[in-house]
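Asker: Below you will find the structure I want to go over with you.
The values are calculated or read from the model by the stated rules, or taken from the named source; none is laboratory data. Because the structure is a prediction, the values reported are computed rather than measured. Protein only, heavy atoms only, side chains kept; ligands, DNA and RNA dropped before computing areas. Shrake-Rupley method; radii C 1.70, N 1.55, O 1.52, S 1.80 Å.
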Amino acid sequence: MSELRFEGITVRFGTGRAAMTAVDDVSLTVPDGEVLGLVGESGSGKSTIARAAVGLIPVQEGRILLGGRPIDVRHGRRPLQMVFQDPYSSLDPRMTIGASVAEILPQGLSRASRRAEVERLLDLVHIDPARTGSYPSQLSGGQRQRVAIARALAGRPEVLIADEITSALDVSIQGAILNLVRELQTELGLSMLFISHNLAVVRYVASRVAVMRGGRIVEEGPTADVLADPQHDYTRELLAAIPGRIPSIEQGEHL
Ligand code: ADP
Ligand code: MG
């Protein structure tokens, strides 16, 4: 795992009078082995930062460094892996979940070790390895999201980017996915950029939190400090909007 650093990133969409700045001079660090939570209302630029990091959209200014170096995507390397809100967008409905996970494994493994690795990864996210032949449609939403996480881990990423991964899930199973994220972080020492519009979710998994509004970071610091003593009005608004405890979060049940 490595530190992921955004230095003075600016992303603009459109040209001329239609131009808009989605991300405005943002600097952020995902520390090695930690989870940085990125929180802010819809449209604040969170996904744009994630998409810029994985090279899906160009940045107009600034640079993105992994372990102090520009991100190397040569030779099919994918040092950053993303998990999205909707597992349907990352899982091909025509592929078995085993095949979906295997697809991201490094080249050059024998058949037997690919199979063993797929089973290990499914087990890691608490999906019965006997289900490798199942299709996404045979799984619940929470199970699909677990498979999407296993698939991302198959790429042996240095940093995992999770963009609203619990937002499409029933509130009753959000907690189980958050518990899984915590568990993986502890077991694997994952570095992670964890994005959500919901501060209640972010505070549960992130050691540090950055608050984004209108393309800018308005506040950043250790999660406990930001929650106990928010410095910005907008952070206080987000805090006030937290509905309370997330059902099932403390139970850690698996699906
Ligand atoms: P968030 O993830 O915080 O909800 P986004 O990063 O998706 O926010 O969007 C930030 C802003 O950039 C929004 O105003 C959105 O409409 C705009 N935007 C995002 N992607 C594009 C795009 N491909 N083309 C034009 N505008 C975009
Ligand atoms: Mg988004």
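Asker: Once the whole set of protein chains is in place, how much accessible area is left on TYR135, using a 1.4 Å probe, in Å² to the nearest 10?
Answerer: About 90 Å², ignoring ligands and nucleic acids.
Asker: So what's the angle, to the nearest 10 degrees on a 0 to 90 scale, between helix 171-188 and the longest Cα principal axis of the chain?
Answerer: Helix 171-188 sits roughly 80 degrees off the main axis of the chain.
Asker: To continue, here is another question. Nearest 10 degrees is fine. How inclined is helix 141-154 to the longest principal axis of the chain, computing both from alpha carbons?
Answerer: 90 degrees
Asker: To the nearest Å, what is the center-to-center distance of the stretch 142-160 and the stretch 199-226, using C-alpha atoms only?
Answerer: 23 Å
Asker: Moving to a separate point now. If you roll a 1.4 Å probe over the heavy atoms of the protein chains, what accessible area per residue do you get for the stretch 66-224, in Å²?
Answerer: 44 Å²
Asker: Give the Rg (one decimal place) followed by the Dmax (whole number) of the stretch 173-232, computed from C-alpha coordinates and expressed in Å.
Answerer: When restricted to the Cα atoms of the stretch 173-232, Rg and Dmax are 12.2, 35 Å.
Asker: Considering only DSSP beta bridges where both residues belong to the chain, give the percentage that are antiparallel (nearest 5).
Answerer: So the antiparallel bridges amount to about 55 percent of the total.
Asker: Using the alpha-carbon atoms, what tilt in degrees (0 to 90, nearest 10) does helix 111-124 show relative to the longest principal axis of the chain?
Answerer: 50 degrees
Asker: Hey, how much of the P(r) for the chain falls beyond 22 Å, as a percent of Cα pairs? Intermediate values should be presented prior to the final figure.
Answerer: Working: 17724 of 32385 pairs.
Taking all Cα-Cα pairs of the chain, the fraction more than 22 Å apart is 55 percent.
Asker: Suppose we keep just the alpha-carbon trace of the stretch 49-157; what are its Rg and Dmax in angstrom?
Answerer: Radius of gyration, then largest Cα-Cα span, for the stretch 49-157: 15.1, 48 Å.
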